[in-house]
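Everything on this sheet refers to the single structure shown next.
The values are calculated or read from the model by the stated rules, or taken from the named source; none is laboratory data. Owing to the predicted nature of the structure, the values given are computational and were not obtained by experimental measurement. Cβ atoms come from the backbone with ideal geometry, glycine included; neighbour counts cover every protein chain shown.
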Amino acid sequence: MKRKLTHAILFVLILTVNVNAQKSDRQHLIVIEPAKVWSIQKAHDWYSQHQWITGANYIPHTAINQLEMWQAETFDPKTIDTELGWARDIGFNTSGYTFTTLHGNRISRGLKIA
């Protein structure tokens with residue numbers, strides 16, 4: 001019985017400390033007010049100054065998957081430049097890439113981004 005009481009008291013203490021820690025963490029939060037909705041005219045003005053975004057996720061034809069695209073041994077800037085040039089020529093103005101953290105550190109040592 002004494003053991004169960006000790007465990008119950010310990011549980012309540014841990015719960016109390018955890019709740020108090022969460023309360024003190026909330027005191028340091030920064031509250032961000034939601035943005036005001038633009039007027040129809042402001043939205044129209046912004047939209048008229050920008051191109052329609054067109055593009056696709058990209059991987060060069062020389063890579064079997066997105067990991068191979070970024071590996072130092074198989075990175076192929078000539079093919080990438082050629083294929084992205086084709087995309088630009090048909091009107092694409094954006095492209096998506098997958099850069100995983102799996103190879104991030106290893107790749108960053110072998111890949112120079114200009």
Return the residues of segment 51-93 that are surrounded by 14 or more Cβ atoms within 10 Å (Cβ to Cβ) and among the aromatic types (Phe, Trp, Tyr); say none if nothing qualifies. Tyr58, Trp70, Phe75, Phe92
Out of all the residues in segment 4-25, is one or more within 27 Å of the chain's Cα centre (by Cα), part of a loop (DSSP other than H, G, I, E, B) and either modelled with pLDDT of 90 or more or loosely packed, with under 10 Cβ neighbours inside 10 Å (or both)? no
What are the pairs with Cβ atoms under 6 angstrom where one residue, in segment 56-77, is farther than 24 Å from Asp89 by Cβ and the other, located anywhere, is surrounded by fewer than 16 Cβ atoms within 10 Å (Cβ to Cβ)? Sequence gap at least six, or different chains. Glu68/Thr74; Ala72/Gly110
Residue in segment 34-50 that is modelled with pLDDT of 90 or more, in a loop (DSSP other than H, G, I, E, B) and among the charged types (D, E, K, R) present: no
I'd like to check something: does segment 73-94 contain any residue that is of a type in the set (Gly, Ala, Ser) and at pLDDT below 90? no
